[in-house]
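Participant: Questions regarding the structure given below will be posed in turn.
We did not get these values from a lab; they are worked out from the coordinates using the rules stated. Just so it is clear, the model here is predicted, and its values are computed rather than measured. In this analysis, Cβ positions are derived from the backbone assuming ideal geometry, glycine residues included, and neighbour counts consider all displayed protein chains.
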Amino acid sequence: MPCRAVPSGQVTKNCHYISKTLTRPWEADQRRLRFYDFDTGRFATGFAASLFAEDGLNPQYVETWLDRTIEGPLSICRRKLAAGETNALEEWPFYRAATLMLWLQGTRVKSIGDHDARRSLEDLASRTIDETDQLVVAMSEEYDLALATTVGKDGMLAPLFFPSSGIFPITYPDSGCVSGYTVALGLPLDMWSALVALPRDQGGNRDVSRIPGSMSNLSVGVANARRVVVPPLLMEQQLEEDVARILRELRNASCSLLALVKDAKRLVEDAFDEVGIEPPRWHWA
């Protein structure tokens, strides 16, 4: 959620780089979030009001823009999706909010220590709504949004984790890509579903069925996610040391898979470059 309103010219406080709207489904009693810290190797608990926030991160007009253009509409959209209205993303304000939330999440996390990222966000917040719409349209020409649900065994769905990066890569085989793999990006909406940006194929379509059933495992994130919020139910069912071991194994597996895709992409690009030919542009996530 955005910072609380303050008089013009004052520094805003408690700005969230990951919206509380997104992490709400993972909250336990007293709006607490249980997370694993990969740096310390320990579990800890933090309040949703302060876990993914920094003092004075954005000026007030950026926070107001985030609330009105992205976080507010997406909060309404998520309630519609949870109620079974799967066509909610077809409404432009919701589609725009979802697109910007997913693609700007990396910038928002990066802005903690990167002034260029902050300026990029400030510039975008200063644009007219028509200019913002044009940007969203440009994004949608090569990547589209879809809602993906986790799968499980014996009728039980596997819950998603929430990485401190806000988003996580989804790597899967794709014969339509010259590297043999495609990478989509996922943004958890609740413990059972994620908003996914996946590349369109040469015909301009996107195939949600290609999203792997291991989305729950992949939602732990990769090396840039130093913390990961875990579902409260999971901690009630397993010992902490077992959950910690599983989280480390899942993240290592995700990092290895993503590294293999990057290596394949580099080799293909080098081969095309050697003969002076531009590689195909599709499916270079």
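Participant: Apply the Kirkwood formula to the stretch 15-274: the hydrodynamic radius equals the inverse of the mean of 1/r over all pairs of different alpha-carbon atoms; give it in Å with one decimal.
Facilitator: For the stretch 15-274, inverting the mean 1/r across all distinct Cα pairs yields 19.3 Å.
Participant: Next question. Just want the ordering: 47, 161, 38, from fewest to most Cβ atoms lying within 10 Å of their own Cβ.
Facilitator: Least to most surrounded, the residues fall as 47, 38, 161.
Participant: Continuing with this model, one more query. For residue 189, which sequence-distant residues (separation of 5 or more, or a different chain) have an amide H within less than 5 Å of its own amide H, given hydrogens modelled in the peptide plane?
Facilitator: Under 5 Å from the amide H of residue 189 lie the amide H atoms of 194, 195, each far enough along the sequence or on another chain.
Participant: In whole Hz, what ³J(HN,Hα) sequence does the stretch 71-86 give by Karplus (6.51, -1.76, 1.60; θ = phi - 60°), x for Gly and Pro?
Facilitator: 5, x, x, 5, 4, 5, 4, 5, 5, 5, 5, 5, 7, x, 7, 5
Participant: Give me the compactness ratio for the stretch 49-141, meaning the Cα radius of gyration over 2.2 N^0.38 Å.
Facilitator: In units of the globular-protein estimate, the stretch 49-141 measures up at 1.12.
Participant: Between residue 61 and residue 92, 0.36 nm times their residue separation minus their Cα-Cα distance comes to what?
Facilitator: 8.9 nm
Participant: Any of 80/265; 110/262; 20/80; 20/262; 20/265 with alpha carbons more than 27 Å apart? Name them for me.
Facilitator: 80/265; 20/262; 20/265
Participant: While we're on this one: Mind giving me the FRET efficiency for residue 235 and residue 47? R0 is 25 Å, r the Cβ-Cβ distance, nearest 0.05 is fine.
Facilitator: So, using R0 = 25 Å, E works out to roughly 0.90.
Participant: Return the loop-located trypsin sites (Lys or Arg not before Pro) in the stretch 93-165 (DSSP other than H, G, I, E, B) with at most 13 other Cβ atoms within 10 Å of their own Cβ; answer none if there are none. Walk me through the numbers before you get to the answer.
Facilitator: On the way: sites: 96, 108, 110, 118, 119, 127, 153; in loops: 127.
Here the trypsin sites (Lys or Arg not before Pro) that fit, given the DSSP loop and packing criteria, are 127.
Participant: A further question on this structure: Using the Karplus curve 6.51 cos²θ - 1.76 cosθ + 1.60 with θ = phi - 60°, what ³J(HN,Hα) values do you get for each residue of the stretch 27-35, in whole Hz, with x for Gly and Pro?
Facilitator: 6, 10, 4, 6, 6, 9, 10, 9, 9
Participant: In the stretch 15-274, with Lys and Arg counted as +1 and Asp and Glu as -1 at Cβ, which of these residues, 213, 105, 50, has the Cα nearest the positive end of the dipole, that is, farthest along it?
Facilitator: 50
Participant: Let me ask you something else. Can you list residues from other chains, or at least 5 along the same chain, whose modelled amide H is less than 5 Å from the amide H of residue 181?
Facilitator: Counting only residues 5 or more places away or on other chains, the set is 174.
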